[in-house]
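One structure is given below, encoded as structure tokens.
Just so you know, all these numbers are worked out from the coordinates, no wet-lab data involved. Keep in mind it's a predicted model, so treat the numbers as computed, not measured. Positions of Cβ are generated from backbone atoms using ideal geometry, with glycine treated the same way; all protein chains shown enter the neighbour counts.
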Amino acid sequence: MPVAPIEAVLFDLDGTLIDSAPDLGAAADKMRTDRGLTSLPIASYRHMAGAGARGMLDIGLGMAPDAPEFPAMREEFFVNYESRMLLDTHVFDGVAQLLEALAERGVRWGIVTNKASRFTDPITRAIRMFASAGAIVSGDTTPHAKPHPEPLLEAARLLKIHPAHCIYVGDDERDIIAGRAAGMRTIAATYGYMGATADATLWQADATIASPLDLLQWMDSA
């Protein structure tokens, strides 16, 4: 069967469009230092940045989600992060040029993230280039989060584009699972927060990219 033309590109946020690891790691590290523990380098947190509070609390305090105090500690982490989430966060090199190129090609784009709107909204408002996004779907926009396909399907509905004409780009296996379940072609971003043991070749994505601009080359050959 012929491959559907690409009319829209949907992106994960953390680890795909933005490098938020410095602020996420700093929010967790403050919890350490507030308790008299030694500070850890941000590099210690980076590989788990895609796991959000769960990953940061694991690295910073060795705390698992089933710990009785986890909900309270997670909220403390959220408050720390909220106070600094735009201090050191930045878009990855090549993202601005990629979004400009998509606009020149008439390809629409959007964001689908598991990050709560409490954080997604101020971050995307603050980064000017994200104003051109046709859809922004957060982890609490729908009743489900990735790897469920519903957030991606909601983005396609907002864009008024059939899912088969969308591709989804993300740096975690759950992104690829969600995209495939939504009927979209999927791209694994290996420059993101994959973790030391992740192997994107096992995710069954349609392609992998080592930098944001590699997506354009894939689109030209798709």
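Summary table below
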quantity	calculated
Calculated FRET value between LEU40 and ALA96, using beta carbons and R₀ = 22 Å, to 0.05	0.10
Local electrostatic count at ALA210 - Lys and Arg +1, Asp and Glu -1, tallied over other residues with Cβ under 13 Å	-3
Ellipsoid semi-axes in whole angstrom, largest first, where each is sqrt(5λ) of the Cα gyration tensor of segment 21-82	15, 13, 11
Backbone N within segment 99-134 under 16 Å of label point (7 Å from LEU86 Cα along the Cβ vector)	117-132
Set of segment 83-127 residues, backbone N closer than 12 Å to the point 7 Å along the Cα-Cβ line of LEU213	93-99, 101
C-alpha center-to-center spacing [segment 22-57, segment 90-166] in angstrom	26
In segment 37-122, the trypsin sites (Lys or Arg not before Pro) that fall in loop regions by DSSP, at most 16 other Cβ within 10 Å	ARG84, ARG105
Estimated FRET transfer efficiency (ASP220, GLU69; beta-carbon r; R0 45 Å; 0.05)	0.30
Approximate spin-label separation HIS148-ARG174, in nm, with each point projected 7 Å along Cα-to-Cβ	1.2
Per-residue Cβ neighbour rank within 10 angstrom, fewest leading, VAL95, VAL112	VAL95, VAL112
Footprinting exposure proxy for ASP121, ASP23 (fewest neighbouring C-beta atoms within 10 Å first)	ASP121, ASP23
